[in-house]
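Novice: Okay, here's the structure, questions in a sec.
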Amino acid sequence: MRRSSYFLPILKENPTEAQIVSHRLMLRGGMVRQSAAGIYTWLPLGLRVLRRIERIVREEQDAAGCQELLMPTIQPAELWRESGRYDVYGKEMLRITDRHEREMLFGPTNEELITDIFRQAVKSYRDLPKLLYHIQWKFRDEIRPRFGVMRGREFLMKDSYSFDLDYAGAKRAYNKMFVAYLRTFARMDLKAIPMKAESGPIGGDMSHEFIILADTGETEVFCDRSLIEYDVLRDSVDFDGDLEPYIKRWTQYYAATSDKHDPAAFAALPVERRVTARGIEIGHIFYFGKKYSEAMKATVTGPNGEAVAVEMGSYGIGVSRLVGGIIEANHDDAGIVWPKSVAPFQVGIINLKPGDADCDAASQETYRKLNESGVETFLDDLNESPGSKFATMDLIGLPWQIVIGPRGLKKGIVELKERRSGKREELSTESALSRVLS
Ligand code: 5CA
């Protein structure tokens with residue numbers, strides 16, 4: 001992508017409405033624009049990141065045996081009356097009336113809708129288990145939307161739903177999602193801490209929040225260091241095997257957020273194992289048994305011919321929140337420092353002197369070679385001061401920068417900079433390319 005034709009509205013000044021760094025950098029870096037409180041347009045650069053995160057989430061859901069479908073954003077109120085949540089959900093639910101005076105709502109989550117889909121299609125225990133998910137926009141009319149995409153009103157969520165015949169099956173699904181989540185976040189270079197949680201309006205009695213540590217996090221976290229220092233199961237995990245021994249530590253060791261904190265239990269830990277920090281909730285998983293299946297009569301015929309209400313769980317990831325969360329965990333004074341797996345482009349080329357025949361030819365050639373090798377590349381070919389171009393490239397945080405200028409070219413060299421370390425090297429164009437390609 002060439003900057004001269006790309007829609008990238010960079011802001012030179014800090015926007016006053018942004019209270020936290022990710023919000024500030026997303027506005028300045030031309031990733032999002034607010035349309036109304038807590039409602040955002042994703043501009044091309046921001047959308048690239050959102051899509052990359054979505055893709056990692058999708059690949060890991062698929063790997064765990066979860067099947068993708070797509071439910072609508074608008075739902076009929078009657079399903080929520082069946083579950084009993086229409087009246088209890090309160091003002092967070094955006095209620096809509098259509099032209100026929102039918103009551104609808106913009107979905108804040110999808111337990112009712114998926115339960116309805118399931119009960120219409122699945123009649124026998126032989127068709128279990130089922131594990132389904134979608135990645136869809138949600139709306140919650142938060143009282144205080146803030147921190148940009150971190151607490152929006154409209155936001156993108158991945159939500160999965162499990163259906164099993166019995167508790168053992170539901171626990172297996174829960175554990176699968178647990179491991180899939182750790183793998184998902186690790187691919188984004190995030191260390192997520194699963195913490196036992198309250199299940200709130202979703203209901204149920206087994207729940208974990210997945211929290212990443214960041215000073216700006218809304219949640220205060222107290223936990224045993226053993227919960228942070230763990231190895232993620234990579235490569236080929238047997239999702240149908242017994243994952244319980246791996247997961248055990250997150251139910252054994254001390255972990256709490258401020259509302260459930262037990263200072264005495266925390267103080268009983270050896271000093272070097274006490275971690276106090278702030279965190280951001282990027283995912284939340286729930287087991288809630290028969291809460292919805294009983295209320296909505298989602299039953300299957302069991303092995304003895306009897307009707308059995310199915311055991312369910314739901315599993316959410318804040319896809320759009322992750323964009324902000326990753327920036328909170330990966331930035332410096334100059335801007336964003338994207339992990340490679342989610343970066344909007346891998347390489348940014350700065351042509352220091354557009355209009356100079358040598359600079360144009362070398363930039364163009366490098367750009368072409370990278371793209372041909374499948375490396376997504378951004379070429380800054382604007383007629384701006386070098387200082388301003390360096391600042392923009394640091395701001396948008398691409399992992400590699402290749403700086404091409406007339407003086408270097410005379411000696412046959414370009415400058416390669418690694419954004420994260422700030423390390424610069426003068427190299428031939430060929431060596432710079434092979435470094436980036438490796
Ligand atoms: N039905 C369940 C699981 S599918 C559910 O709705 N869980 S949730 O309420 O915890 O939301 C799942 C995830 O969505 C959260 O962990 C969080 O990362 C994200 N999320 C929730 N509210 C918002 C919001 N207002 N803005 C951005 N992301 C949000």
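Novice: Among the residues of the range 183-199, are any under 22 Å from Ser314 (Cβ atoms), at pLDDT below 95 and part of a helix (DSSP H, G or I)?
Specialist: The answer is no, given that none of the residues of the range 183-199 is under 22 Å from Ser314 (Cβ atoms), at pLDDT below 95 and part of a helix (DSSP H, G or I).
Novice: Being open to solvent by 20 Å² or more (accessible area, probe 1.4 Å) and within 16 Å of the ligand (Cβ to nearest atom), is that true of even one residue in the range 217-232? Explain how you work it out, then say what you get.
Specialist: Step one: filter the range 217-232 for residues open to solvent by 20 Å² or more (accessible area, probe 1.4 Å), giving 218-220, 222, 225-226, 228-229, 231-232.
Those still in the list that are within 16 Å of the ligand (Cβ to nearest atom) too: 218-219.
The answer is yes; a qualifying residue exists.
Novice: Report yes if some residue within the range 160-173 is outside any loop (DSSP other than H, G, I, E, B), within 11 Å of the ligand (Cβ to nearest atom), of a type in the set (A, V, I, L, M, F, W, C) and surrounded by fewer than 17 Cβ atoms within 10 Å (Cβ to Cβ); otherwise report no.
Specialist: no
Novice: Considering every residue within the range 394-404, establish whether at least one is open to solvent by 40 Å² or more (accessible area, probe 1.4 Å) and not aromatic (Phe, Trp, Tyr). First the steps, then the outcome.
Specialist: Initially, the range 394-404 is screened for residues open to solvent by 40 Å² or more (accessible area, probe 1.4 Å), giving none.
No.
Novice: OK, next. Could you list, in sequence order, the residues of the range 412-438 that are in a strand (DSSP E or B) and within 16 Å of Phe345 (Cα to Cα)?
Specialist: Listed by number, the residues that qualify are Leu416, Lys417, Glu418.
Novice: Note down all Cβ pairs under 6 Å where the first residue falls in the range 268-294 and is under 20 Å from Phe185 (Cβ atoms), the second is away from the ligand (no atom under 16 Å from the Cβ) and open to solvent by less than 60 Å² (accessible area, probe 1.4 Å), and they're at least six residues apart or on different chains.
Specialist: Val275/Cys223
Novice: Same structure, new question: Of the numbered conditions (1) in contact with a strand residue (DSSP E or B) (Cβ under 8 Å, 6 or more places away or on another chain); (2) more than 30 Å from Lys389 (Cβ to Cβ), Ser320 satisfies every one except a single condition; which is it?
Specialist: (2)
Novice: Condition first: more than 15 Å from the ligand (Cβ to nearest atom) and open to solvent by 70 Å² or more (accessible area, probe 1.4 Å). Now tell me which residues in the range 268-293 satisfy that.
Specialist: Passing the criteria: Ala268, Val271, Glu272, Arg273, Arg274, Thr276, Arg278.
Novice: Right, next: Of the residues Gly335, Gly355, which single one is open to solvent by less than 10 Å² (accessible area, probe 1.4 Å), touching a residue at least 24 places away in the same chain (Cβ under 8 Å) and of a type outside the set (Val, Ile, Thr)?
Specialist: Values: Gly355 fails: open to solvent by less than 10 Å² (accessible area, probe 1.4 Å).
Among Gly335, Gly355, only Gly335 is open to solvent by less than 10 Å² (accessible area, probe 1.4 Å), touching a residue at least 24 places away in the same chain (Cβ under 8 Å) and of a type outside the set (Val, Ile, Thr).
Novice: Name the residue, out of Thr366, Thr301, Thr276, that is in contact with a Phe, Trp or Tyr (Cβ under 9 Å, 6 or more places away or on another chain) and farther than 30 Å from Val179 by Cβ.
Specialist: Numbers: Thr366 fails: in contact with a Phe, Trp or Tyr (Cβ under 9 Å, 6 or more places away or on another chain); Thr276 fails: farther than 30 Å from Val179 by Cβ.
Sole residue among the options that is in contact with a Phe, Trp or Tyr (Cβ under 9 Å, 6 or more places away or on another chain) and farther than 30 Å from Val179 by Cβ: Thr301.
Novice: Do we have Ala265 as open to solvent by less than 50 Å² (accessible area, probe 1.4 Å) and in contact (Cβ under 8 Å) with a residue 40 or more places away in the chain here?
Specialist: Spelling it out, it is not the case that Ala265 is open to solvent by less than 50 Å² (accessible area, probe 1.4 Å) and in contact (Cβ under 8 Å) with a residue 40 or more places away in the chain.
Novice: Tell me the residue from Asp231, Asp159, Asp235, Asp259 that is in contact (Cβ under 8 Å) with a residue 60 or more places away in the chain and over 21 Å from Ile135 (Cα atoms), please.
Specialist: Testing whether each residue is in contact (Cβ under 8 Å) with a residue 60 or more places away in the chain and over 21 Å from Ile135 (Cα atoms) leaves just Asp259.
Novice: If you check every pair at least six apart or on different chains, which have Cβ atoms under 9 Å apart with a residue in the range 96-112 that is assigned by TED's automatic domain parsing to the domain that holds Pro72 first and a residue that is in a strand (DSSP E or B) and among the small types (Gly, Ala, Ser) second?
Specialist: Matching pairs, first to second residue: Thr109/Ser314; Thr109/Gly316; Asn110/Ser314; Glu111/Ser314.
Novice: When you go through Leu395, Leu409, Leu382 one by one, which is the residue that is in contact (Cβ under 8 Å) with a residue 24 or more places away in the chain and in a loop (DSSP other than H, G, I, E, B)?
Specialist: Numbers: Leu395 fails: in a loop (DSSP other than H, G, I, E, B); Leu409 fails: in a loop (DSSP other than H, G, I, E, B).
Checking each option against the conditions leaves just Leu382.
The values are calculated or read from the model by the stated rules, or taken from the named source; none is laboratory data. Just so we're clear, the structure is a prediction, and the values are computed from it rather than from any experiment. Glycine gets a Cβ as well: all are built from the backbone with ideal geometry, and neighbour counts include every protein chain shown. What goes into the accessible areas is simple: the full protein's heavy atoms, side chains included, and nothing from ligands, DNA or RNA. Shrake-Rupley method; radii C 1.70, N 1.55, O 1.52, S 1.80 Å.
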